[in-house]
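**Student:** Here's a structure for you.
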Amino acid sequence: MNSFLRVLGYGVQGFRRNLWLSVIAIITLTMTLLTITAFTVGDIVATKKYQEFSQDKIDYVVYIQDSASDQDFNALYDQIKARPEVQTVTVVSKSDARIKFEQDHKDQPVLQGLITDDNNPLPRSIVAHFVDPNSISVFNTFISADRYKGVVDSTSYKDNATSIDNYLHFTKILRIFGLFFTCFFVLIAVLVVLNTIRLAIFARRTEIEVMRLVGATQRYIRGPFIVEGILFAVISTLISTILTGIMLQQIDNLVQQTTVTGLGNQIAQLFSSTVRMNGVSEVTSLLLYLFAIQLISGLVLATMCSMLAVRRYLKE
Amino acid sequence: MPEEKVTEQPDSPASKPGKSVEGLTKKVAAKVGKAARPLFKKVKDAMPGKEVEPIEDPTPLRPLLVEFRDVTKQYGNHIALNNISIKFYKGEFLSIVGPSGAGKSTLIKCLTLQERPDSGRIIVAGRDITLLKDRDLPYYRRKVGIVFQDFKLLPAKTVYENVAFALEVSGTPGREIKSRVEVMLETVGMLSKRNNFPHELSGGEQQRVVIARALVHDPKILIADEPTGNLDPVNTWEIVELLYKINKSGTMVILATHDREIVDALKKRVVTMRAGTVVADQEKGVYLV
């Protein structure tokens, strides 16, 4: 315990007495964490937008035969709702279908009033929205089963299968590319941190040599540098989190405003589903999540870099 | 060459009156007495390395402390130590002299295990240190005090902290560290500058702090590798006087130096090296090179 406290003390002392080196390391690490945060937020925004588009564009409409009984209809509805890949299920009655038809064709007066409640060929339908749009083909297999042939007239997937598959394939490629892009820039940032800490320890190599020659074990030599690395990580995380919080709060304010135009409006639209869910602010939970990522990244980065940098000077 | 009896010269610079190191050493013992005795016993028992039988029985008057047996060290094609065999005895003061490249620093680096010999054995206090593993080196280095030409103080620590560090890394309790460090700084005349940093001290003052750090473990051997190389003449003689007094208190001192005046004034054992070999070994020697 005594030696642990001493190592801790040496680390804090080294941090304070090599203040300029510490400041440079903290600035570099903060910028790296902000880079990681920016790409993490970007990934979250992209995922949310992808889900939004997918839910708007990729839903599965099951058109019900007019001859199907209410009992069969309700049974099919319950089974669809119980499917794990289905997020929400909406029922569109014949009357709702007529109203939607008239709204979709409001520019064509000749079609208005063509369909009435007594003469409505439009089928009732069940609309399924998915948790992951990629599971649409699995759902299609389920609906295509023989036991539903007496209830199901047709589905929207039959007409749009190719374009849906192409869309999903394209977005998958886009996400892989985005992930590669993110990893590339994060790697650059990590290398910058590694180099900064290596230079800081290089500047103190004589100190390490002296510690070896007066009989300090590797624990007493390496330990304080690891403690300093932890201090760099914690301080950098706090600074990065504060800056991120300010930025997210500003974006949340933009999203809440209804009169924003131009760039502000575009930013608000881009981040709306990220910072708000069902009208409730998600900034705090998002910030906590980002804080955890930053802290873990910072601790791993700073301590590993310190250990690697000191290691070469410990060899006899 | 007949063995000359070692006597102190009354007119030598080293015999000038000054602080009694023996008196202060007793003070150290008095302050830390009970705690120190078990520590010294532990130090003796904890000397790392395999015990080796000496080739000849040491005489009771001059117990053998360090022995180089057929030690060779080579850097590429350059032979720095060429089959050196030499013995150093407990409590003696010896100077190692020679031109640049003679092997003085290599000899000292092998003794402190900053370098490992390519062949041969080095026996210290009955233990073959060439067999020590890297993880045992810190424990050996705590038994040997080293004074460097370039001081090698920790720049971000004060005078007090530099000396205390040598004890802290060995797990010495805080209260004992405080008393030992203060006495040691008083011995070398640096107690009033305990809160200064190395860059705030002169060369002579820094070297005093280094000596204090080297002695704080109460080592049996104090090795000084060109300790006055960066000092002016006044500071040089102060340091030499300090080393002489340390030797009088019982610590063996090995001094590697280029300085003819120091060697001739000390009239102690002089080992002369040239081209990696020992060419002369005089009991009350002079600078021959």
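**Student:** Once you keep just the Cα pairs under 8 angstrom separated by 6 or more residues, what percentage relative contact order results for the range A:59-160?
**Tutor:** Relative contact order for the range A:59-160 comes out at 51 percent.
**Student:** Taking the Cβ-Cβ separation of A:THR141 and A:SER3 as r and a Förster radius of 51 Å, what is the calculated FRET efficiency to the nearest 0.05?
**Tutor:** 0.20
**Student:** Probe of 1.4 angstrom, ligands and nucleic acids ignored: what's the accessible area per residue over the range A:1-144, in square angstrom?
**Tutor:** 55
**Student:** Counting only protein heavy atoms and rolling a 1.4 Å probe, how much accessible area do B and A lose on contact, total for both sides, in Å² to 100?
**Tutor:** Chains B and A together bury approximately 2000 Å².
**Student:** How large is Rg over Rh for the range A:1-133, taking Rg from the Cα atoms and Rh as the Kirkwood inverse mean of 1/r across Cα pairs? Walk me through the intermediate numbers first.
**Tutor:** Details: Rg = 30.2 Å, Rh = 20.8 Å.
Over the Cα atoms of the range A:1-133, Rg/Rh equals 1.45.
**Student:** For the pair A:GLN79 and A:TYR167, what calculated FRET efficiency results from E = 1/(1 + (r/R0)^6), where r is the Cβ-Cβ distance and R0 = 41 Å, to the nearest 0.05?
**Tutor:** After rounding, the FRET efficiency stands at 0.95.
**Student:** Moving on. Between B:LYS284 and A:PHE202, what FRET efficiency follows from the Cβ-Cβ distance if R0 is 56 Å, with the result rounded to 0.05?
**Tutor:** Result of the calculation: an efficiency of 0.75.
**Student:** Another question, if that's okay. Taking all pairs of distinct Cα atoms, average 1/r, flip it, and tell me the Kirkwood hydrodynamic radius of the range B:176-289 in Å to one decimal place.
**Tutor:** Value: 15.2 Å, from the Cα pair sum.
**Student:** Based on alpha-carbon atoms only, what is the radius of gyration of the range B:134-205 relative to the globular estimate 2.2 N^0.38 Å? Write out the running numbers ahead of the final one.
**Tutor:** Working: Rg = 12.7 Å, N = 72, 2.2 N^0.38 = 11.2 Å.
In units of the 2.2 N^0.38 Å rule of thumb, it is 1.14.
**Student:** To the nearest 20 debye, what charge dipole does the range A:59-160 have about its Cα centre, counting +1 at the Cβ of each Lys and Arg and -1 at the Cβ of each Asp and Glu? Provide the component values of the computation, followed by the final result.
**Tutor:** Numbers: 10 positive and 16 negative charges, 30 e Å.
In debye, rounded to 20, the range A:59-160 gives about 140.
**Student:** Let me ask something else about it. Going toward the positive end of the dipole of the protein assembly as shown, with +1 on Lys and Arg Cβ and -1 on Asp and Glu Cβ, which of A:GLY178, A:VAL62, B:VAL147 do you reach last?
**Tutor:** Of the candidates, B:VAL147 comes out farthest on the positive side.
**Student:** Could I ask something else about it? Quickly estimate the mean residue ellipticity at 222 nm for chain A, helices only: each DSSP H run with n ≥ 4 gives -39500 (n - 2.57), and the total goes over all residues, rounded to 500.
**Tutor:** -25000 deg cm²/dmol
**Student:** Nearest-5 percent of antiparallel DSSP beta bridges in the protein assembly as shown? If you can, show how the numbers build up before the last one.
**Tutor:** Values: 38 of 55 bridges.
Percentage antiparallel, nearest 5: 70.
**Student:** Related question: Give me Rg/Rg_expected for the range A:59-160, where Rg uses Cα atoms only and Rg_expected = 2.2 N^0.38 Å with N residues.
**Tutor:** 1.14
**Student:** Over the protein assembly as shown, one equal point on each Cα, no solvent: what is log10 I(q)/I(0) by the Debye formula at q = 0.11, 0.12 Å⁻¹?
**Tutor:** The Debye formula, applied to the Cα set alone, gives -1.06, -1.19.
**Student:** Hey, another quick one. So what's the convex hull volume per residue for the Cα atoms of the range A:191-316, in Å³?
**Tutor:** On the way: hull volume 13.4 nm³, N = 126.
Convex hull volume per residue, Cα atoms: 107 Å³.
**Student:** Would you work out the Kirkwood radius for chain A? I mean one over the mean of 1/r across all pairs of different Cα atoms, in Å.
**Tutor:** It works out to 24.6 Å.
**Student:** Let me ask something additional. Could you look at the range A:59-160 and say what percent of its accessible area is carbon and sulfur, using a 1.4 Å probe and all protein chains?
**Tutor:** Whole-percent figure for carbon plus sulfur exposure: 49.
**Student:** Mean Kyte-Doolittle hydropathy of 0.5 or higher plus an axial Cα length of 20 Å or more: which whole DSSP H helices in chain A meet both?
**Tutor:** Details: long enough: A:2-17 (22 Å, -0.14); A:19-57 (55 Å, 0.74); A:157-202 (66 Å, 1.17); A:218-256 (56 Å, 0.91); A:283-314 (45 Å, 1.59).
Helices meeting the span and hydropathy rule in chain A are A:19-57, A:157-202, A:218-256, A:283-314.
The values are calculated or read from the model by the stated rules, or taken from the named source; none is laboratory data. Computed from a predicted model, the values in this text were never measured in an experiment. Every residue, glycine among them, receives a Cβ derived from its backbone with ideal geometry; neighbour counts consider all protein chains shown. The area values use the complete protein model at the heavy-atom level, side chains included, leaving out ligands, DNA and RNA. Shrake-Rupley method; radii C 1.70, N 1.55, O 1.52, S 1.80 Å.
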